[in-house]
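Written out below as structure tokens is the structure these notes cover.
Only the coordinates and a few stated rules stand behind these numbers; no lab work does. It should be emphasised that the depicted structure is a prediction, and the values quoted were computed from it without experimental measurement. All Cβ positions, even for glycine, are placed from backbone atoms using ideal geometry, and neighbour counts span all protein chains on display.
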Amino acid sequence: MSYRGLGELDLSAHRAWDTAAANLLAQAHSTEGVRFLTRSAERFLGKGAPGLQVAIPGGPASAWLSHPQPFTILDRHVSGLLGERVGYLVPSQTILLALPLSELDDLKWAKQASARTLVGEQLLSSPVTWTHGFPVEAPAPMLTHP
């Protein structure tokens with residue numbers, strides 16, 4: 001949407017962003033709370049892969065990293081399931097992989113995710129972590145291994 005389109009709707013960019021986040025939450029809401037669909041990351045990355053692949057009803061899982069409110073809810077949930085801090089691989093708009101941060105020291109999982117993504121679809125090539133509600137590239141020590 002353009003700024004002109006926002007103006008025609010009498011919306012600021014910030015309000016439109018907040019509204020989009022509220023819509024994400026509403027679309028994933030069930031009678032028990034927010035609905036997350038998870039399965040082993042092995043299904044996408046191959047045998048031995050740690051962590052989870054995450055899908056969320058109502059839209060691409062990657063959209064949940066675009067606003068602090070949904071990203072915080074996602075990160076708390078997945079961190080609780082994995083029992084530690086999480087790093088995310090987002091090889092495409094529709095694929096979201098949550099791995100224990102300790103497992104991202106080995107870049108093989110990021111490389112594997114990239115290799116399984118169609119050319120032109122890759123969204124992020126580096127792992128990201130939750131930092132104050134926003135995705136931030138994983139800490140530098142993790143990215144220095146060959």
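Points worth noting:
- Net charge contributed by nearby residues that have their C-beta within less than 14 Å of Trp130 (K/R +1, D/E -1): -1
- Using a Gaussian network model of the chain in which every pair of alpha carbons under 10 angstrom is joined by a spring, one finds that among Trp64, Trp17, Trp130 the greatest mean-square fluctuation is at Trp17.
- The orientation-averaged projection of the convex hull spanning the C-alpha atoms of the stretch 35-143 amounts to 6.2 square nanometres.
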